[in-house]
1. For the chain, set up a Gaussian network in which alpha carbons nearer than 10 Å are linked by springs, and say which option among Leu109, Leu33, Leu77 fluctuates the most.
2. Given segment 62-136 reduced to its alpha-carbon atoms as identical point scatterers, what log10 I(q)/I(0) does the Debye formula return at q = 0.12, 0.21, 0.23 Å⁻¹?
3. Please give the contour-minus-distance gain from Val65 to Leu77: 0.36 nm per residue of separation, less the Cα-Cα distance, rounded to one decimal in nm.
4. How much length is gained if the chain between Tyr125 and Arg47 is pulled fully straight, taking 0.36 nm per residue apart and subtracting their Cα-Cα distance, in nm to one decimal?
5. What helices does the chain have that are whole DSSP H segments, at least 30 Å long along their own axis by Cα, and with mean Kyte-Doolittle hydropathy of -0.5 or more?
6. Given Cα pairs under 8 Å that are at least 6 residues apart, what percent is the relative contact order of the chain?
7. Report, in deg cm²/dmol and to the nearest 500, the calculated mean residue ellipticity at 222 nm for the chain, where each DSSP H run with n ≥ 4 adds -39500 (n - 2.57) and the sum is divided by the residue count.
8. So what does Phe95 come to for accessible area, using a 1.4 Å probe and Å² rounded to 10?
Amino acid sequence: VSLYALIASIRMPYFGDAGALSSPGLTPGLVALFMLVLSAVLMLRSRRFRLPFTLTAPSVEARRVLTVFGLVFLYVLLMPWIGYALATFLMLFAFQAIFVARRDLRFLLIWAGGLSLALTAALTYVFGHIFLIPLP
């Protein structure tokens with residue numbers, strides 16, 4: 001997937017006289033290149049890894065992975081109905097509420113709520129107003 005994204009980003013047209021720096025594929029190309037390198041490193045590191053196939057209860061890590069996939073799936077499903085900003089805030093808040101070690105209500109409302117609100121505002125501003133990327 002990262003190799004395909006890298007090739008597709010290289011094939012994107014250039015705008016202006018800046019050459020590759022004016023291509024809309026610059027950022028996706030860099031991300032794809034990093035993903036390709038890191039994927040190769042992971043494949044090399046995992047050559048000796050063997051996954052045990054047992055039918056026991058899922059481990060803590062497996063439950064966390066399934067929770068993350070579920071939250072991202074809900075985020076993608078809800079975004080068209082409730083909008084980007086509210087969906088992003090709820091997803092970030094849910095991640096912090098589920099995965100934080102400290103679970104008292106005051107901490108969740110102040111820290112998780114405040115951080116989720118700040119990150120949502122920053123993402124909306126940076127991508128919507130600075131990079132001029134239309135958000136859903």
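The values are calculated or read from the model by the stated rules, or taken from the named source; none is laboratory data. Just so it is clear, the structure is predicted and the values come from calculations on it, not from any experiment. Neighbour counts run over all protein chains shown; Cβ positions are idealised from the backbone, glycine included. To get the accessible areas, we keep the full protein, side chains included, count just its heavy atoms, and leave off ligands, DNA and RNA. Shrake-Rupley method; radii C 1.70, N 1.55, O 1.52, S 1.80 Å.
1. Leu33
2. Normalising to I(0) and taking log10 leaves -0.37, -0.97, -1.07.
3. Fully extending the segment from Val65 to Leu77 adds 2.5 nm.
4. 23.8 nm
5. 60-82
6. So the answer I get is 15 percent.
7. -20000 deg cm²/dmol, from helical runs alone.
8. 50
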